[in-house]
Structures are given as C-alpha cells and as structure tokens.
Amino acid sequence: MIKNIFNWCKRHIVLFTLLSVLAIVVFGFVNIQILHMTSEPEFCQLCHPSQGFGPLAEVDSWEHSAHGEAGVSCLDCHGRPGVLGYMKAKLGGLKDTYMQLTISAEEKLEILSNPHENLVPSWHCLYCHSDEGNRQVRSNTKGPMKLVNMRMLDDVVNPSFRERKGLADIMEETFVGGTHFDHSLHIEEFELSCRDCHFGVVHNPATSTDRMNFCLTCHAEMSDDAPQTNDCNICHAAQLTMNQGAGVNGIEEIPGLMYGEAADMTCTDCHTGVTKGIYRPSASTCTSCHDEDYKEVLTEWETTTKKRIEMLKRVQVQVEAALLEADSAKRNTAEVWTLYQNGLRNLKFVRNDGTNGAHNSEYAKAILNQVEDDFTLALTKLDTIW
Ligand code: HEC
Ligand code: HEC
Ligand code: HEC
Ligand code: HEC
Ligand code: HEC
Ligand code: HEC
Ligand code: HEC
Ligand code: HEC
C-alpha cells in the first residue's frame with residue numbers, strides 16, 4: 001500500500017510537489033486563522049465576561065479605555081514583542097484554558113484580583129511610549145520581530161509609530177498629557193514603575209484625584225525648588241495656557257473670561273476646595289459669584305465643546321487611515337502629513353486641558369475650528385492626490 005503511494009508520487013512528481021505545497025499553505029493558513037481568532041477580545045470575553053471595571057471585566061473596561069479606542073489590543077500588552085513573545089503568549093493562553101477547567105470560580109477571582117506586579121513590565125510599556133525603550137527592545141529581542149502582522153505591536157517602530165498616534169516620548173519630554181512631569185527624572189531618581197501611577201491604566205483606572213494626591217505625598221512638604229501644593233501653574237501647564245488663551249501657533253490669543261487681568265482671578269478662586277483635598281469645582285462654584293443661571297453657561301460650554309471633540313476624534317481616525325492607504329499606494333503625502341499632525345497637536349491641546357471648554361470656551365472653539373479646517377483640507381488633498 002505504502003509502496004504504491006510512493007510509486008504514484010514518483011510518477012507524478014510535479015503534481016505531488018504542487019499538492020504538498022498547497023497542503024502546507026492551507027494548513028498554515030488555517031493555523032494562522034486560529035491564532036488570529038483566539039487573540040481577539042471576543043474570544044477572551046468568553047472567560048472574562050463582566051461589565052464595568054476590575055477583575056473579570058477586563059474586556060469591557062478595555063473597550064472603554066484610551067488604549068481600546070486607539071486599537072491597542074489584549075496581546076499588544078499581554079504578549080511580549082517579537083514572534084517568540086507572541087508564541088509564548090499563545091501558550092499562556094493554553095494554560096488559561098487548563099486553569100479554567102480545573103480551578104474554582106473563587107480561585108480564579110483571587111488570581112485576577114491580584115495581578116503580578118510584572119504582568120506587564122515597565123519596559124514593555126516603554127516599547128511603545130519611548131524611542132530609546134523601543135530601540136533597546138528591538139536590539140535585545142531574540143528571533144524575528146515579525147513574520148506576518150499579527151497585532152499592532154508588530155508594527156511599532158519609533159519614532160514613527162508615536163508620531164502617527166500623536167504620543168509623546170515620555171522619557172524625553174517633560175510636558176506629557178499637558179502636565180509638567182519629568183518621567184525620566186522621577187523614575188530614575190525614585191525607582192518608580194509605571195504601575196505606581198498608572199495602575200489599572202486599562203482595567204481599573206485611578207482617578208486624577210488619586211494621582212494628584214500621590215504627587216503631594218512628596219510635593220506637599222519639600223524644598224523650595226520643587227513645586228508645592230499651591231504652585232498649580234508649574235504642574236498644570238495645559239490648564240494654565242488654556243486659561244491664558246495662548247500657546248497655539250496661528251491662533252489669535254483670547255484670554256479666559258476670568259483668568260488674569262480680565263477679572264483678576266487665579267486658579268484657587270474657582271478651585272476653592274484645594275485646602276480640603278477637593279480639587280474639582282462644580283457648577284455651584286460659578287454661582288458663588290454669579291447668578292443661578294450661570295450654571296447653564298457652564299453646561300453649555302461643556303456640552304458643545306465635548307461634542308466637537310468627539311466628532312473630531314472620529315475624523316482623526318478617518319484621516320490617519322486615508323493617509324496610510326495613500327502611503328501604501330506610494331502617493332506623495334508629505335504635505336498632508338504636516339496638516340494632519342498640526343490638527344492632531346491642536347486637538348491634543350484642547351483635550352489635555354480636560355475641562356471641555358470650562359477654562360476658556362472661546363479659545364477652545366477657535367482651536368477646534370482650526371483643527372476641523374486642517375482635517376477637512378487633508379481629506380480634500382488626499383482625494384485630489386488619487
Ligand atoms: C478558557 C477561558 C479563558 C480564555 C478564553 C481566556 N482566559 Fe485569561 N484567564 C483565564 C483563567 C481561568 C485565568 C486565571 C488563572 C490563570 O492565571 O491562568 C486567566 C488569567 C488571565 C490573566 C492573568 C494572568 C496572571 O498570571 O495573573 C491574563 C493577563 C489573561 N487571563 C488574559 C487573557 C487574554 C488576553 C485572553 C484572550 C486572548 C484570555 N485571557 C482568554 C481563563 C481564560
Ligand atoms: C502597542 C503600543 C502600546 C503599549 C504596549 C502601551 N501603550 Fe499606552 N498608549 C498607546 C497608544 C496608541 C495610546 C494613545 C491613546 C490615545 O490616542 O489617546 C496610549 C495611551 C496611553 C496613556 C494615556 C491615556 C490614558 O489611558 O491615560 C497612558 C497613561 C499610557 N498609554 C500608559 C501605558 C502603560 C502604563 C503601558 C504598559 C502597561 C502602556 N501604555 C502600553 C500605545 C501603547
Ligand atoms: C510618579 C507618577 C508616574 C509614574 C511613575 C509614571 N507616570 Fe506616566 N504620567 C504621569 C502623569 C502625572 C502624567 C500626566 C497625566 C495627564 O496629565 O493626563 C503621565 C502621563 C503619561 C502618558 C500620557 C502621555 C501623553 O502624551 O498624553 C503616558 C503614555 C505615560 N504617562 C506612560 C508612562 C509609562 C510607560 C510609565 C512607566 C515607564 C509611566 N508613565 C510612569 C505620572 C507617572
Ligand atoms: C495597554 C496595555 C493593556 C492592554 C491593551 C490590555 N491590558 Fe490587561 N492588563 C494590563 C496591565 C498593566 C495589567 C496589570 C494590572 C493593572 O495595572 O491593571 C493588566 C491586567 C490584566 C488581567 C489580570 C486581572 C486584572 O483585572 O488585573 C487580565 C485578565 C487582563 N489584563 C486581560 C486583558 C484583556 C482580555 C485585554 C483585551 C481585551 C487586555 N487585558 C488589554 C495592561 C493591558
Ligand atoms: C517620591 C517622591 C516624589 C513623587 C511621588 C513625585 N515627585 Fe516630583 N519631585 C520630587 C523631588 C525630590 C523633586 C526635586 C528634584 C530635583 O529638582 O532634583 C521633584 C521635582 C518635580 C518637579 C520640578 C522639576 C522638574 O521636572 O522640572 C515637578 C514639576 C514635579 N516634581 C512634578 C511631579 C508630579 C506631577 C508628580 C505626580 C505625578 C510628582 N512630581 C511626584 C519628588 C517626587
Ligand atoms: C506637584 C504637581 C501638582 C501641583 C502643584 C498641583 N497639581 Fe493638580 N494634579 C496634578 C496631577 C499629576 C494631577 C492628575 C492629572 C491627571 O491624571 O490627568 C492633578 C489633578 C488635578 C485636578 C483634577 C482632579 C480630579 O479629581 O479630577 C484638579 C482640578 C487639579 N489638579 C487642580 C489643581 C490646583 C487648583 C492646584 C493648585 C492649588 C494644583 N492642582 C496643584 C499635579 C499637581
Ligand atoms: C472660572 C473658574 C476656574 C478657574 C479660574 C480655573 N479653573 Fe480649573 N476648572 C474649573 C472647572 C469648572 C473645572 C471642572 C470641569 C469639569 O468638571 O468638567 C476645572 C477643572 C480643572 C482641572 C481638571 C482637568 C481635568 O483633566 O479633569 C484642572 C487640572 C484645573 N482645572 C486646573 C486649573 C488651573 C491650574 C487653573 C489656573 C491656571 C485653573 N484651573 C483655573 C474652573 C476654573
Ligand atoms: C470668584 C468669583 C467668580 C467665580 C467663582 C466665577 N466667576 Fe465668572 N466672573 C467673575 C468676574 C469678577 C468676572 C469679570 C467681571 C464681569 O464681567 O462681570 C466674571 C466674568 C464671567 C463671564 C463673562 C461676563 C458675564 O458676566 O457674562 C462669564 C460668562 C462667567 N464669568 C461665567 C462663569 C462660570 C461659568 C463660572 C463657573 C465655572 C464662573 N464664572 C465662576 C467672577 C467669578
């Protein structure tokens with residue numbers, strides 16, 4: 001029987017070779033499809049199914065996080081860079097399945113409630129968030145970085161990834177997310193890790209009150225040269241420039257209605273709770289100086305600005321996708337990239353302030369108009385390039 005098959009193969013050597021190649025391709029393809037399917041959040045959700053935040057709700061919390069919205073998926077963080085890192089994560093998945101079948105629901109909850117401190121090590125975060133960190137991992141990783149594109153991580157080459165996403169190099173820049181904070185200084189000087197401040201970054205984010213309190217564990221009682229609690233302006237660069245209505249190239253300066261000379265107010269005139277550890281004012285703060293109907297003024301500022309930011313975030317994704325498509329078709333896109341990045345930077349400026357216009361609604365509006373113009377022009381130009 002075997003001899004017969006062997007003889008058949010010999011006689012039809014070309015056909016046999018073709019069939020073998022076909023078999024390998026089909027087998028490889030099916031395998032890759034399985035790898036893909038079992039990496040999707042929908043698959044993880046089978047065993048991590050809850051809604052909200054915290055243990056068991058990892059998929060839902062991810063979906064509503066900045067990373068989820070930016071398309072950074074589970075294995076971009078829970079698998080290390082490189083082909084070997086990817087395969088190791090897939091083997092870890094087999095262990096998950098085995099554990100699912102063998103441990104009790106309580107034991108599972110116990111494990112998920114106490115994630116290992118190195119579950120996602122700092123160097124892994126720096127692979128995306130710094131240029132030097134990216135370079136180091138690329139040169140230290142054993143085996144190929146990628147065979148085919150299995151996840152976003154395979155495509156992360158800095159600085160181009162960072163710039164495309166509008167991210168800071170956190171180890172080089174000292175103003176990140178609009179806060180004056182030198183990551184490199186603090187991490188190296190005090191041996192802090194990402195999770196000290198960004199614990200639960202995806203699955204259970206700390207509030208910004210927690211984060212400010214963490215700074216104040218050191219900064220409330222320090223030497224003269226480090227900022228103290230009342231030095232709001234030093235740490236809160238984004239909110240300061242928004243109140244001043246300055247800092248964006250090409251947009252006329254529009255000082256806030258209440259900050260500085262206009263009403264001779266400072267941060268703590270609105271942020272009156274600071275001494276009690278309550279930082280965030282509310283609509284009733286306005287009415288301590290104004291009529292009751294100024295509550296509506298605040299709501300009006302916040303809802304209109306927020307709506308426009310949401311809309312422009314969607315357009316941003318559209319422009320980025322169109323640019324990548326045009327690039328892969330080898331069109332000349334240099335000019336459009338400049339427009340896109342300009343818009344991206346200005347949109348970040350408004351988002352970093354974080355108040356949806358409460359600090360300076362007119363200035364925010366002027367900037368967002370400019371962003372919309374830049375994005376629209378970028379899309380028009382891409383159309384004509386085709
Ligand atoms: C068949 C059920 C099942 C599926 C599917 C599943 N998990 Fe899990 N997962 C578990 C169980 C059970 C645990 C707790 C026991 C353990 O650590 O393996 C767990 C734990 C984890 C942990 C924490 C590990 C630790 O050491 O603390 C991570 C991270 C994780 N899963 C990520 C994922 C990702 C990402 C996916 C989708 C690609 C996924 N899981 C799909 C059942 C599953
Ligand atoms: C695959 C690359 C990648 C990895 C790995 C990654 N990030 Fe990010 N991160 C991003 C992108 C892209 C954004 C931008 C989201 C946006 O557009 O607002 C982001 C945003 C952030 C932000 C700002 C938004 C927020 O959620 O507060 C923080 C903080 C952050 N990352 C921290 C981390 C930490 C800590 C880790 C490691 C546990 C990590 N990142 C791993 C790509 C990555
Ligand atoms: C001592 C606290 C602290 C530590 C430790 C820390 N961060 Fe941050 N990080 C901050 C603060 C504060 C901000 C600004 C937050 C804001 O204004 O939204 C920030 C912002 C960021 C951002 C957003 C940048 C942007 O462009 O919006 C990223 C990404 C980030 N951190 C990543 C990391 C990573 C990765 C690590 C570990 C290597 C780390 N951080 C360690 C406090 C910390
Ligand atoms: C930006 C990186 C990042 C992404 C993307 C991400 N995680 Fe996590 N995940 C973490 C970090 C960091 C921890 C460690 C605890 C913490 O800081 O929240 C963690 C913890 C976990 C845990 C341990 C239990 C817990 O709740 O802490 C599970 C399970 C998990 N992630 C599953 C997932 C799944 C499933 C996805 C995709 C839907 C995902 N993660 C996407 C960074 C990420
Ligand atoms: C472990 C204690 C500690 C924590 C926590 C800490 N800092 Fe610092 N920070 C210091 C010390 C000490 C200095 C002075 C260092 C120097 O000038 O050499 C400093 C300096 C600074 C400076 C001025 C130096 C510079 O970067 O130009 C800023 C701004 C600052 N910290 C912001 C923050 C913020 C924001 C946080 C919270 C996210 C924070 N720090 C958390 C200890 C800390
Ligand atoms: C040492 C640096 C530092 C100083 C000084 C400082 N802050 Fe903060 N503050 C922070 C950081 C870091 C955060 C968290 C930012 C984030 O995560 O987006 C924060 C958060 C806040 C928030 C948001 C709180 C919330 O619950 O959402 C408000 C409001 C605020 N600060 C107001 C002030 C005011 C007003 C002052 C001056 C009286 C001040 N801060 C001084 C670092 C500082
Ligand atoms: C006219 C009153 C007013 C003044 C003056 C003012 N703020 Fe605010 N600020 C607010 C209100 C209102 C909010 C809350 C908006 C909300 O909850 O959506 C806020 C929110 C914030 C936040 C939180 C932003 C976030 O990301 O959630 C910070 C930080 C902040 N202010 C800092 C400052 C600083 C620094 C100054 C001085 C340069 C300042 N504010 C001056 C009214 C004011
Ligand atoms: C500490 C007192 C104080 C607080 C708190 C305050 N304002 Fe004002 N506001 C002033 C002063 C003073 C002026 C400038 C003088 C003027 O034109 O009435 C002003 C001007 C204004 C103006 C432009 C002139 C007008 O009267 O229409 C608006 C709009 C306004 N404030 C809205 C708000 C809103 C919304 C809040 C809450 C986020 C707020 N203010 C909180 C004192 C305050």
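The values are calculated or read from the model by the stated rules, or taken from the named source; none is laboratory data. All values derive from a computational prediction rather than experimental measurement. Positions of Cβ are generated from backbone atoms using ideal geometry, with glycine treated the same way; all protein chains shown enter the neighbour counts. Only protein heavy atoms, including side chains, enter the accessible area calculation; ligands, DNA and RNA are left aside. Shrake-Rupley method; radii C 1.70, N 1.55, O 1.52, S 1.80 Å.
Values as computed for the structure displayed
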quantity	calculated
J(HN,Hα) series, the stretch 140-146, from Karplus relation 6.51 cos²θ - 1.76 cosθ + 1.60, nearest Hz, glycine and proline x	8, 5, 7, x, x, 6, 7
Extended-chain gain in nm, criterion 0.36 nm per residue less alpha-carbon gap, Asp231 and Ala168	20.3 nm
Whole-Å distance, taken between Cα centres, linking the stretch 340-359 and the stretch 122-184	22 Å
Cα long-axis angle, helix 361-385 against the chain (0 to 90 degrees, to the nearest 10)	30 degrees
Accessible-area ranking of Leu112, Leu46, largest first, probe 1.4 Å	Leu46, Leu112
FRET efficiency estimate (nearest 0.05) - Cβ-Cβ, Arg314 to Asp383, R0 22 angstrom	0.75
The chain - percent relative contact order, Cα under 8 Å, separation 6 or more	12 percent
The stretch 221-346 - charge dipole about Cα centre, Lys and Arg +1 at Cβ, Asp and Glu -1, debye rounded to 20	760 debye
Non-local Lys pairs in the stretch 232-385, i.e. 8 or more apart or on different chains, that have alpha carbons under 27 Å apart	18
Residue-wise HN-Hα coupling along the stretch 247-259, computed from phi with Karplus coefficients 6.51, -1.76, 1.60 (Hz; x: Gly, Pro)	x, 10, 4, x, 10, 4, 5, 9, x, x, 4, 10, 8
Sequence of Trp62, Trp8 when ordered by accessible area, the most exposed leading, probe 1.4 angstrom	Trp8, Trp62
Potential lengthening between Leu22 and Ala321 on full extension [0.36 nm per residue; Cα-Cα distance subtracted]	104.3 nm
Dipole moment magnitude, nearest 20 debye, the stretch 31-117 about Cα centre, only Lys, Arg, Asp, Glu C-beta charged	420 debye
Cβ-placed point charges (K, R +1; D, E -1), dipole of the chain about Cα centre in debye, nearest 20	2840 debye
Three-way shape call for the stretch 174-324 based on the alpha-carbon gyration tensor, with the a/c threshold at 1.5	oblate
Sequence of Tyr279, Tyr98, Tyr363 when ordered by accessible area, the most exposed leading, probe 1.4 angstrom	Tyr98, Tyr279, Tyr363
Accessible surface of Phe16 - all protein chains present, 1.4 Å probe, nearest 10 Å²	80 Å²
Mean projected area (nm²) of the alpha-carbon convex hull when the chain is viewed from all directions	27.7 nm²
Phe175 long-range amide H proximity, modeled H, under 5 Å	Phe181
Distant-in-sequence amide H partners of Gly260 (H built 1.01 Å from N, under 5 Å)	Met265
Amide H partners (placed H, <5 Å) of Val201, local residues excluded	none
Percent carbon-and-sulfur accessible area, the chain, ignoring ligands, DNA and RNA, probe 1.4 Å	59 percent
Alpha carbon centroid spacing (whole Å) that separates the stretch 83-111 from the stretch 34-67	14 Å
Eligible lysines near Lys108 by straight Cα distance, threshold 25 Å, same-chain separation 8 or greater	Lys88, Lys90, Lys95
Probe 1.4 Å - accessible area at Phe43, Å² to nearest ten	90 Å²
Length-normalised contact order for the stretch 38-206 - Cα pairs under 8 Å, 6+ apart - percent	23 percent
Positive-end residue, the stretch 232-385 charge dipole about Cα centroid, Cβ charges, pick of Ser284, Leu379, His236	Leu379
In nm, spacing of pseudo-spin labels at Lys88 and Thr338 (7 Å Cα→C-beta vector)	4.4 nm
Label-to-label distance, nm, for residues given as Tyr98 and Asp224 (7 Å Cα→Cβ offset)	6.3 nm
Heavy atoms of Met87: accessible area, 1.4 Å probe, square angstrom to 10	80 Å²
FRET efficiency, 1/(1 + (r/R0)^6) with R0 41 Å, evaluated for Met37 and His186 via beta carbons	0.50
Cβ-derived FRET efficiency at R0 45 Å, Leu112 paired with Lys3, nearest 0.05	0.20
